[in-house]
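S.K.: One structure, pasted below without further comment.
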């Protein structure tokens, strides 16, 4: 691909010409779904193009974002951490949004849209549980029953969020098939959707899936970057670099989108490096993946030479996914965003550092972005860095306790 081709694709993205009418971001995206789902997909596409863009809907959405979600979220300068890193460090605080993460921006927007098109129930998937909690809260807010599918592995390691979903009125279904994590949860949510696509709305949690979901989720999460860019210019200047964690990629595409046209701003997505570089040891889809189709879209995936999607690993349940949003795949292809990875160990260290230096407990997902930013700051001293803090770490206390216990046992054995 020539630099002219890359520039043309970026300009088309900035001009709103991508995704195209077929839902493609260049070679990625599209709609790969059973024929029984096409009426539901077409109905949602029409709603995104008509209802979603009306002044009435946008006013209702904005009212919920300000009065219920708590937007705008804060921009926090981290002076002690910055001194440690020899950098100027800023955090975009999605951990301060209602329910504790960026997921609520998307959940309330889609719940309002589901209500507007006449859906009578909502199904959703969740990994770390934050999307499940956000969906349960949003459905309670608009008055729709909600079923959340969650892999059995994640049910065990994210027990606090399971309790929160129940408290908010959702039915939580533990998925024991497949890899029993996020991929399996998505599979089951889609199976449910297929049985009743007319009255059921699938409220997808990340910038993945068939068109128009990647576009819709990005547009709902774009408020993160829009606020952050204005806040940075009000209090300082544009950052030299922006970092966000990437699993499916909703918080990162939301943060990056407002900065895509700022050529002087470098953008970095940080994937889960897990425990190693071999298949099954990480969730670094863009670093190690290949093109393929999963959950309705053509994107980058982790699969073996026989074409079998591989189980993934991350200490963070929310990044434990073998695919990524198609817009991220395009941004990597044209070189506008650089995708790197951070290991479990690096991320845990970054979490501890932010706790100790700034009194903020980040989600394990967000800790990956911190780890990537810290590594870059070491090579680029004196720079201004913006990091998307996608969520708070309360949900991860059982995992952190398990990690600490394992370390104590290993130390004792040594």
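S.K.: Quickly run through segment 268-295 and pick out the residues that are in a helix (DSSP H, G or I), buried (at least 22 other Cβ atoms within 10 Å of the Cβ) and out of contact with any helix residue (DSSP H, G or I) (no Cβ under 6 Å at 6 or more places or on another chain).
M.R.: Hit for segment 268-295 is 285, nothing else.
S.K.: Continuing with this model, one more query. Scan segment 54-73 for residues that are out of contact with any helix residue (DSSP H, G or I) (no Cβ under 6 Å at 6 or more places or on another chain) and part of a loop (DSSP other than H, G, I, E, B) and jot them down.
M.R.: 54
S.K.: Residues that are over 22 Å from residue 116 (Cβ atoms), in a loop (DSSP other than H, G, I, E, B) and not assigned by TED's automatic domain parsing to the domain that holds residue 298: does segment 35-53 have at least one?
M.R.: Within segment 35-53, none of the residues are over 22 Å from residue 116 (Cβ atoms), in a loop (DSSP other than H, G, I, E, B) and not assigned by TED's automatic domain parsing to the domain that holds residue 298.
S.K.: Also, I was wondering about something else. When you look at residue 231, is it part of a helix (DSSP H, G or I), in contact with a strand residue (DSSP E or B) (Cβ under 6 Å, 6 or more places away or on another chain), surrounded by fewer than 22 Cβ atoms within 10 Å (Cβ to Cβ) and not assigned by TED's automatic domain parsing to the domain that holds residue 112, yes or no?
M.R.: yes
S.K.: Can residue 91 be described as outside the structural domain of residue 135 (by TED's automatic domain parsing) and free of Cβ contacts under 8 Å to residues at least 40 places away in the same chain?
M.R.: No: the conditions fail for residue 91.
S.K.: Do the conditions hold for residue 150, that is, is it under 20 Å from residue 294 (Cα atoms) and either buried (at least 19 other Cβ atoms within 10 Å of the Cβ) or assigned by TED's automatic domain parsing to the domain that holds residue 300 (or both)?
M.R.: Taking the combined requirement at face value, the residue satisfies it.
S.K.: On to the next question. On the given criteria, is residue 13 touching a strand residue (DSSP E or B) at 6+ places or on another chain (Cβ under 8 Å), outside the structural domain of residue 258 (by TED's automatic domain parsing) and either outside any loop (DSSP other than H, G, I, E, B) or at pLDDT 95 or above (or both)?
M.R.: Yes: the conditions hold for residue 13.
The values are calculated or read from the model by the stated rules, or taken from the named source; none is laboratory data. Please read all numbers here as calculations on a predicted model, not as lab measurements. All Cβ positions, even for glycine, are placed from backbone atoms using ideal geometry, and neighbour counts span all protein chains on display.
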